[in-house]
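The values are calculated or read from the model by the stated rules, or taken from the named source; none is laboratory data. Not measured: the values here are computed from a predicted model. Counting neighbours? That spans all protein chains shown, and the Cβs are built from the backbone with ideal geometry, glycine included.
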Amino acid sequence: MVAQRSAAGPAPGAFMDEVIAATPGGASHLELCVQCGTCGGSCPSGPDMEHTPRHLFAMIRAGMKEEVLRSNTPWYCVSCYYCMVRCPQEIHITDIMYTLKRMAIKEGLYRESSAADAPDFSETFIDFVNNYGRSFELGLATRYHLRHHPLTAVRKAGMGLGMVRKGRMDLTPKRINGIEQLQAILAKARELGAEDGAISQGGRQ
Ligand code: SF4
Ligand code: SF4
């Protein structure tokens, strides 16, 4: 059921409709959440999240768009999918977390979150995957800390060098074989993502 807009502003359910429409696949089942809390109790990142997934979904239902998009919760989701396999309502929790990240970036509200540097970290990770086909931990950690926590970078340099010496981390990135095939897949995914975004934007007009 699509929420109606009132003279005082969007109806509370309007934001939930927006999240559902923006989640790929068209069947996130978010509206079926029964607030059982299984997701929050299963989540390895729960202690670091400002709101458990259950709490966040209640806020979505209540139309608290800005508070939801300022929450650090989606940024602490590590996409382990544990909540999804345990949810009795088969809600696509992890996919919804990705939707909320995209919305927070689009609305600029991630900047007001306590995880404001997370999108930059993700972009750096994606850059390495695009260029080498895999993550490069030393480059990722160095770039992230120099940009956002330069003092911590100095403190952690010793630990990083120790890991390199013990062969636990590579000193230089190594490109996978067949990188052009992966790049073609990623380019197609970006193309489909752009089309999907255009369709869901159109659907909301
Ligand atoms: S496990 Fe599923 S139904 Fe239960 S609170 Fe989480 S999302 Fe809602
Ligand atoms: S997929 Fe995300 S929200 Fe779900 S249990 Fe894993 S970290 Fe928590």
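The set of residues in the range 18-29 that are over 16 Å from the mean Cα position of the chain (by Cα) and in a helix (DSSP H, G or I) comprises GLU18, ALA21.
Among the residues that make up the range 10-31, is at least one of them loosely packed, with under 15 Cβ neighbours inside 10 Å and at pLDDT 90 or above? No, the range 10-31 contains no residue that is loosely packed, with under 15 Cβ neighbours inside 10 Å and at pLDDT 90 or above. Listed by first and then second residue, the pairs with beta-carbon distance under 8 Å, at least 6 apart or on different chains, first residue in the range 153-181 and small (Gly, Ala, Ser), second not in a helix (DSSP H, G or I), are GLY160/MET169; GLY178/GLY133. Taking the numbered list (1) over 15 Å from the mean Cα position of the chain (by Cα); (2) more than 13 Å from ligand 1 (Cβ to nearest atom) in turn, ARG54 passes all entries but (2). Considering the range 81-113, the residues that are of a type in the set (A, V, I, L, M, F, W, C) and away from ligand 1 (no atom under 14 Å from the Cβ) include one that is surrounded by the most Cβ atoms within 10 Å (Cβ to Cβ), namely ALA104. Just checking, does the range 126-146 include any residue being more than 30 Å from ALA184 (Cα to Cα) and either at pLDDT below 90 or more than 13 Å from the chain's Cα centre (by Cα) (or both)? For the range 126-146, residues more than 30 Å from ALA184 (Cα to Cα) and either at pLDDT below 90 or more than 13 Å from the chain's Cα centre (by Cα) (or both): present. A single member of GLU123, GLU66 is closer than 30 Å to ALA27 by Cβ, at pLDDT 90 or above and surrounded by fewer than 19 Cβ atoms within 10 Å (Cβ to Cβ), and it is GLU66. Pairs are defined by a Cβ separation below 9 Å, a sequence spacing of at least 6 or placement on different chains, a first member in the range 96-112 that is more than 16 Å from ligand 2 (Cβ to nearest atom), and a second member that is not in a helix (DSSP H, G or I); the pairs so defined are TYR110/ALA116. Selection over the range 30-88 of residues that are in a helix (DSSP H, G or I) and polar (S, T, N, Q) gives a count of 3. Considering only the range 130-140, I want to know if a residue exists there that is exposed (fewer than 15 other Cβ atoms within 10 Å of the Cβ) and of a type in the set (D, E, K, R). For the range 130-140, residues exposed (fewer than 15 other Cβ atoms within 10 Å of the Cβ) and of a type in the set (D, E, K, R): absent. In the set HIS145, HIS149, only one residue is free of Cβ contacts under 8 Å to residues at least 40 places away in the same chain and touching a Lys or Arg at 6+ places or on another chain (Cβ under 7 Å); that residue is HIS145.
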